[in-house]
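Laboratory data are not the source of any read-out in this text; all were calculated from the coordinates shown. Just so we're clear, the structure is a prediction, and the values are computed from it rather than from any experiment. Cβ: placed from backbone, ideal geometry, glycine included. Neighbour counts: every protein chain shown.
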């Protein structure tokens, strides 16, 4: 009987830890509350601060990417997927995949939005900074 009680207590502690774990951040980054704007496909929590490179990347993203991928890479219903999504974690879609997608386009393979076209008028430096921005958004949303 005592063994059963111990197992129940351990299981309960595990459930509580699992519920609390997402609320505890080990990088001490403050994030805003996630809000889903009209038409967005994901709730995106914003980091309190972006690195200097991510700030540059945000400017380029807003000009070249947001019209399809939405504000803060939250995606747009019927247009393009959110980049702040587990599918785009670095271990599945590395930084080079973002570079190739922008430079060469990419065939649809995860989402029903159709193929991504080549993005004209953007440099590799722009893409690098955009990638830094997207990765910082992802980390703020526990995608890393």
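Descriptive notes on the structure:
- At full extension, residue 52 and residue 118 could sit 21.1 nm farther apart than now, given 0.36 nm per residue minus the alpha carbon distance.
- Cα gyration tensor category, rounded, prolate or oblate, for segment 92-144 with a/c compared to 1.5: oblate
- 5 Å-binned pair-distance histogram of segment 46-117 (Cα, whole percent): 3, 15, 22, 32, 19, 6, 2
- Residues 91, 45, 51, arranged from fewest to most other Cβ atoms within 10 angstrom of their Cβ, appear as 91, 51, 45.
- The length gained on full extension between residue 67 and residue 92, counted as 0.36 nm times the residue separation minus their Cα-Cα distance, comes to 6.6 nm.
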